[in-house]
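Trainee: Handing you this structure, nothing more for now.
The values are calculated or read from the model by the stated rules, or taken from the named source; none is laboratory data. Quantities reported herein were computed from a predicted structural model and do not represent experimental measurements. All Cβ positions, even for glycine, are placed from backbone atoms using ideal geometry, and neighbour counts span all protein chains on display.
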2 protein chains.
Amino acid sequence: MDLIQEFGLEVYTQYTTGKKVHHVGGPHAKVRTSSTSIPALSTLVLLDLSQLVWKIDRLSSTVSVEDPMKTPNAQELDSMTLHSYIEKHAWTEEMKEEMGVCSRVVFGMEPNQMSFLYFIMYAAAAGGVLCLLESTPGSAQEFRVKTLDCTAALCPQGGTQQLSERLAQQIGRESVRLGQAVTAIWQDAERAKVMTATHSYLCRAVIVTCPPHLAAKIHYQPALPIQREHLTQNMPVGHLMKFVITYQMAFWREKGYSGEIVARPSAECPLSVTFDGTSPSGSAALVGFISGVQAYNWSSRELSERRDAVILSLVKYLGEEAASYIHYEEKDCVFQMYSALCCQDWALEEYSGGCPVNVMAPGMLTYYHPSLCMPCGRIHWAGTETATKWCGYMDGAIQSGQRAALEVLARLCPFTLTQEEQEAMQAAQNQNHDSGPCQHLPSTSHLRRALILTTLIMATALLLAQPQLCRDWIGQARQVVLRRFALWQ
Amino acid sequence: MDLIQEFGLEVYTQYTTGKKVHHVGGPHAKVRTSSTSIPALSTLVLLDLSQLVWKIDRLSSTVSVEDPMKTPNAQELDSMTLHSYIEKHAWTEEMKEEMGVCSRVVFGMEPNQMSFLYFIMYAAAAGGVLCLLESTPGSAQEFRVKTLDCTAALCPQGGTQQLSERLAQQIGRESVRLGQAVTAIWQDAERAKVMTATHSYLCRAVIVTCPPHLAAKIHYQPALPIQREHLTQNMPVGHLMKFVITYQMAFWREKGYSGEIVARPSAECPLSVTFDGTSPSGSAALVGFISGVQAYNWSSRELSERRDAVILSLVKYLGEEAASYIHYEEKDCVFQMYSALCCQDWALEEYSGGCPVNVMAPGMLTYYHPSLCMPCGRIHWAGTETATKWCGYMDGAIQSGQRAALEVLARLCPFTLTQEEQEAMQAAQNQNHDSGPCQHLPSTSHLRRALILTTLIMATALLLAQPQLCRDWIGQARQVVLRRFALWQ
């Protein structure tokens, strides 16, 4: 937000007014809608959500984002996948599916591909697990950046891209070399040499900002410490495909929908989530993602197949009007984001290889985590994966860039640092000694409290009204316990 | 064994006569010895071992090594780490530690770093989980290769290395380019171009045999399919350090020890396992490994520290004589393996980066496995990780080389294939349709039956002799169940 202010940019809040569509809960799930921030779930699943989010947030509040090894029971939490935790602690099958959808939407990844400790560290860095999912104040999906100085037809500087553009202008366009992929970084006592296919650049320090799986492809001389190699070779990156569909008008708003859809993966429906993507000037659009195993299944199909399936799903969830979209283009329409249906698969870009973030597989965080940020000679590491606040987001990317820049300045010309910067540097170095959680978003706990209260009231009302349901439920619970007992025997 | 015979080489069996030392079971564990193939464990832990090996082998017998997706419940088995499975199914803390030692010895890796489905697939490819650990007939540690045509002082052709040397002679030394690391492979409709820092080679097909994490570092044009990229970027490689210590005489044999030690990781003892490494000509030696988290902890220390700690441990387990070793050298003594203490850390070699094998993190096998062998245009993939029998071993490496060579021949000059080769090729292609397990080692089941019988007899005898123990044990079991019940509530 500081940078947005510095560059004179503006944000607008994500449109969330109206009904949200929710379609999760097995192949026979009903399509439900809800107008509040509490998801459209049955009472039992709401209770399950409350207890699971409560457990995860409680664990998350014990995580040391800066040094996960200091988390109580770190080894055990890093030894299981997110999937294993959910299997153990979720009561209902619907909640398990729900968590799969969350993992797909947030990480572009299945819950069985990441360490549970990593998941709660990621949640802690965002201020709580619900912050990752919500578009309410303080949450990940709260703001969009207004597109200022671009025409509608061709807009490379639109949205958040404007930040990169302004930064490039600030340091001088001639200092940014595009189309020069780094193949090797050599260093000795004197300097570092950064090599591309055609050029080489001598420098006193290097900041590598690309994601760990791409940093691992660069050839380093001398070789990097084995701990760093082991780490970056084992940070799976997600798989997301983004689509934007433009319409003459935001018909869903008129029908009382917010444009937010959360859907279970199925053979017919490729999308996991959509949001309203209408610009402040009124160009109507829906933005959505095909993610995780769905991206894996759908990426090899024809674009027209995906498009037709997406449109069919939208018709199912929002009505016939969804079929009358303006038009569609793919990949090379990346600069025309808000005037076309763009199906953008980051996994197919050689220098992305996936999206949105690298996570950690089990057993990496407790052994290898310090290697993620620790400079290797003249090489310093930035990128959102190295952030301690909003790790995985643009916010984290900026935090990590500032931290790495300070590291280099402190090394090469410490006298140029302001007192404030010196203090920031000192604070960053002391972070390892501060094992407290990152609790900068009180809104989470409000939402959580509201959620718990509502579900408790609803559950009590329901059980009072339908005592049979209560008996059935206790019966089921007893059976689960007896089955566990029998298995154990 | 065919190749050994073809080259006129000879094998000798691993020396296993005498007591094996076993030191596992928490910080206060007793050092135990055993002269049979049944490990020196308490009755309860032996029972636990039996039930756990039985469960794992039963699951392992349902695995389709060629197509793990066909394994019943594949998704669930691939969604948990080996650690999670052990936590759930081992009864005793000692057995959990025991499985950690096994994972470290076999994979150079902690049980929390690999998919459980991968582990049982690996065991299935070896004929059962005990085959991975034993030196009995049909097991991984059965044979060593005799060193034939080399002097004692400098012996680059010694041991199994002789196979590579003879293969190189067979195709002509001039066809083998050493010191030419491949940096890029480009291909088009006409041919492939393999590039090193100084040379490039044009060819009609390429077989890449290096481990997946190194194959991932090569630059491919056009880029490889994203499934292959995701897979090879997420196959962690183990961390083993090998040491060989030579002595004037095999004093342990005279004292009735086999030279086999299995030890729990501790601050004092770096080693996980040792074997007798005495040559057929009588040069006395012990061979051992520092592995997994121990290798991680000890690799950054001074060599002399490691050596002293290893020797101290050997004195503790085998007696004072262990202190009088001949001498020690490191790394550049790799050609003098049997006349010195060599401490060899494969992780520090740029073109190894770890040892002995790449495993799969959870969630990779069920999505991405076919990409491991599937040719990408003119590029074919070999290496022990792609094998279906003794995956991870030299046997598997040879199987995979033969399979890849046949693939290339079938493509470039199918008429040169013998009928036998055509059949082998056909069989390999049909493997995907054959979901039966790899059951080529009946000896496993004998050992397992012997183990189960012995532990049952011992347990019955013990419980008859000490009824109090039985009551205690049932009491403990009841407490565990009640605790689980309470936790669930």
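Trainee: Can A:Trp91 be described as part of a helix (DSSP H, G or I) and not β-branched (Val, Ile, Thr)?
Mentor: In short, no.
Trainee: Kindly provide the set of residues from region B:234-261 that are in contact with a Pro (Cβ under 7 Å, 6 or more places away or on another chain) and within 11 Å of chain A (Cβ to nearest Cβ), ordered by number.
Mentor: Within region B:234-261, B:Asn234, B:Met235, B:Val237, B:Gly238 meet the criteria.
Trainee: Can you name the residue in region B:109-127 that is touching a Gly at 6+ places or on another chain (Cβ under 9 Å) and more than 11 Å from every other protein chain (Cβ to nearest Cβ) and is also surrounded by the most Cβ atoms within 10 Å (Cβ to Cβ) among such residues?
Mentor: B:Ala126
Trainee: Of the residues that make up region A:214-226, is at least one hydroxyl-bearing (Ser, Thr, Tyr), within 13 Å of chain B (Cβ to nearest Cβ), farther than 30 Å from A:Lys20 by Cα and surrounded by fewer than 17 Cβ atoms within 10 Å (Cβ to Cβ)?
Mentor: No, the conditions are met nowhere in region A:214-226.
Trainee: I've got another one for you. Which residues, counting only those in region B:349-374, are within 19 Å of the chain's Cα centre (by Cα), within 16 Å of B:Gln233 (Cβ to Cβ) and outside any helix (DSSP H, G or I)?
Mentor: Within region B:349-374, B:Gly353, B:Gly354, B:Asn358, B:Val359, B:Met360, B:Ala361, B:Pro362 qualify.
Trainee: Can I ask one more? Need at least 2 residues that are of a type in the set (A, V, I, L, M) per element, so show me which strands (runs of 3 or more DSSP E) inside region B:2-43 make the cut, counting only ones lying wholly within it.
Mentor: Where strands (runs of 3 or more DSSP E) fall fully within region B:2-43, none carries at least 2 residues being of a type in the set (A, V, I, L, M).
Trainee: How many residues does region A:287-331 hold that are assigned to a loop (DSSP other than H, G, I, E, B), more than 14 Å from chain B (Cβ to nearest Cβ) and surrounded by 14 or more Cβ atoms within 10 Å (Cβ to Cβ)?
Mentor: Residues that pass the stated criteria total 2.
Trainee: Does B:His83 satisfy the condition of being in contact with a Lys or Arg (Cβ under 7 Å, 6 or more places away or on another chain) and at pLDDT 95 or above?
Mentor: Against the criterion (in contact with a Lys or Arg (Cβ under 7 Å, 6 or more places away or on another chain) and at pLDDT 95 or above), B:His83 does not qualify.
Condition check ((1) under 20 Å from the mean Cα position of the chain (by Cα); (2) among the charged types (D, E, K, R)) across all residues:
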{"site": "A:Gln51", "(1), (2)": "no, no"}
{"site": "A:Pro68", "(1), (2)": "yes, no"}
{"site": "A:Thr71", "(1), (2)": "no, no"}
{"site": "A:Ile86", "(1), (2)": "yes, no"}
{"site": "A:Glu110", "(1), (2)": "yes, yes"}
{"site": "A:Met121", "(1), (2)": "yes, no"}
{"site": "A:Leu132", "(1), (2)": "yes, no"}
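Trainee: Here is a further query. State all residues of region A:204-220 that are part of a strand (DSSP E or B) and touching a residue at least 40 places away in the same chain (Cβ under 8 Å); if no residue qualifies, say none.
Mentor: A:Val206, A:Ile207, A:Val208, A:Tyr220
Trainee: Taking into account only those residues within region B:66-107 that are more than 11 Å from chain A (Cβ to nearest Cβ), touching a helix residue (DSSP H, G or I) at 6+ places or on another chain (Cβ under 9 Å) and among the acidic types (Asp, Glu), which is surrounded by the fewest Cβ atoms within 10 Å (Cβ to Cβ)?
Mentor: Per the criteria, the residue is B:Asp67.
Trainee: If you don't mind, another one. Look at B:Glu98 and say whether it is part of a loop (DSSP other than H, G, I, E, B) and either modelled with pLDDT of 95 or more or not assigned by TED's automatic domain parsing to the domain that holds B:Ala397 (or both).
Mentor: Judged against the criteria, B:Glu98 is not a match.
Trainee: Additional query: Return the residues of region B:203-213 that are within 13 Å of chain A (Cβ to nearest Cβ) and over 23 Å from A:Pro356 (Cα atoms); say none if nothing qualifies.
Mentor: B:Pro211, B:Pro212, listed by residue number.
Trainee: Among the candidates B:Thr246, B:Thr198, which residue alone is at pLDDT below 95, in a strand (DSSP E or B) and farther than 30 Å from B:Leu365 by Cβ?
Mentor: Answer to the check: B:Thr246.
Trainee: So which residues in region B:375-407 are closer than 29 Å to B:Trp186 by Cβ and in a loop (DSSP other than H, G, I, E, B)?
Mentor: Of everything in region B:375-407, those that are closer than 29 Å to B:Trp186 by Cβ and in a loop (DSSP other than H, G, I, E, B) turn out to be B:Pro375, B:Gly377, B:Arg378, B:Ala382, B:Gly383, B:Ala387.
Trainee: In this structure, does B:Thr62 turn out to be of a type outside the set (Lys, Arg), buried (at least 24 other Cβ atoms within 10 Å of the Cβ) and touching a residue at least 40 places away in the same chain (Cβ under 8 Å)?
Mentor: no
Trainee: Can you work out which of the residues in region B:155-195 that are of a type in the set (Lys, Arg) and in a loop (DSSP other than H, G, I, E, B) is farthest from B:Glu407 (Cα to Cα)?
Mentor: B:Arg177
Trainee: Additional query: Scanning for something without any contact (Cβ under 8 Å) to a residue 60 or more places away in the chain, surrounded by fewer than 18 Cβ atoms within 10 Å (Cβ to Cβ), within 14 Å of chain A (Cβ to nearest Cβ) and among the basic types (Lys, Arg), does region B:159-176 turn up at least one residue?
Mentor: no
Trainee: So which residues in region A:361-392 are within 11 Å of another protein chain (Cβ to nearest Cβ) and of a type in the set (Phe, Trp, Tyr)?
Mentor: Result: A:Tyr367, A:Tyr368.
Trainee: Check A:Lys55 against each of (1) without any contact (Cβ under 8 Å) to a residue 60 or more places away in the chain; (2) more than 19 Å from A:Val262 (Cα to Cα); (3) more than 13 Å from chain B (Cβ to nearest Cβ) and name the one condition it does not meet.
Mentor: A:Lys55 satisfies all of (1) without any contact (Cβ under 8 Å) to a residue 60 or more places away in the chain; (2) more than 19 Å from A:Val262 (Cα to Cα); (3) more than 13 Å from chain B (Cβ to nearest Cβ) except (3).
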